[in-house]
Amino acid sequence: MPPVFAHGRLRLYLLKLLDEAPRHGYEVIRLLEERFQGLYAPSAGTVYPRLAKLEAEGLVTHATEGGRKVYSITDAGRAELADRGGELADLELEIRDSVTELAAEIRDDVRGAAGDLRREMRAAASASATQVEDESWKAAKEDLRKARQEWKEQARRAKDESRRAREEAQQARRQAKEAQERAREEVQRIAGQLQEQFAKSGGVLGSLAGAWLGGGTQATSSAGETVAGDAARAAADMDWAADLVPTGDPARDLDRLLDRFRDEVRDAARDRGVTAAQVAEARGHLKAACGRLGTTFGAGS
């Protein structure tokens, strides 16, 4: 197998091919051979076990059509592709480079064979100058002509594949960047709504939200003013949870954001202590927040 498919790269490329359209195993093998311009073709023993493993992981599924298994990518498979968009773009460039290197190796082999053929032809000419135009000489010249023609064809195909791979890689990078930007905007919108809700809430929930959103700022007796100030600063500085890289799925990004909020509010309550009265007050604020968020999501649908 070419080095470009080491460390799970073939697995990622199989997901890309299935994301383009549902395919059966033989079609996947043929597409890989086409991408390498016939210079590399994986065996069935390489492709089918990996398709089975992807299905076991829930990234692909299959249906039987005409006695053949036709594989399709699942939502989980698309999520992994979105997470690894940059890696996929790099893989496209590596495939292009691999095709170029394989074509160069073939070109060198052809040149070497042509050199050997020339030397044999000169030796034959020296041995019998009167037989230069005999059938053996004509056959040698024809072999050389075919070798040159084959090399030119291989070079042309490699050049076309290199250009196509470069264009596909550039398009993949643009799509990955656009998906990340859309996911980030969606997360920022939802975070802004949460911050606005917490800014309107007082009591212990407002204090905890102020400490969470304001980077550790202590709530004062004027909880409403303090939380409103913290929420305004948080809305202007969206660096919070920047380590949570958008997945391209807004619902999944919201779940991860709410998990982070839950953990940090729990840590704040544990560090500062919480009373039964504060828990009862927090329950009321959380109920109000849930109602407002439900209205928000209903309006956005």
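Bear in mind that the values in this text are calculations on the coordinates, not laboratory data. Keep in mind the model is a prediction, meaning the values are calculated, not measured. Cβ sites come from the backbone with ideal geometry, for glycine too, and all protein chains shown count toward neighbours.
What the table below lists for this structure:
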read-out	value
Estimated inter-spin distance, Glu120 and Glu33, nm [label 7 Å along Cα→Cβ]	2.8 nm
Chymotrypsin sites (Phe, Trp or Tyr not before Pro) within segment 9-92, DSSP loop, no more than 11 other Cβ atoms inside 10 Å	none
Efficiency of FRET between Arg163 and Thr296 - r from beta-carbon atoms, R0 51 angstrom, step 0.05	0.60
Förster radius 45 Å - calculated FRET efficiency between Thr275 and Ala76, Cβ distance, rounded to 0.05	0.55
Simple spin-label estimate for Asp243 and Ala41 in nanometres, 7 Å along Cα-Cβ	4.9 nm
Calculated FRET efficiency for the pair Arg252/Ala21, C-beta based, R₀ 22 Å, to 0.05	0.35
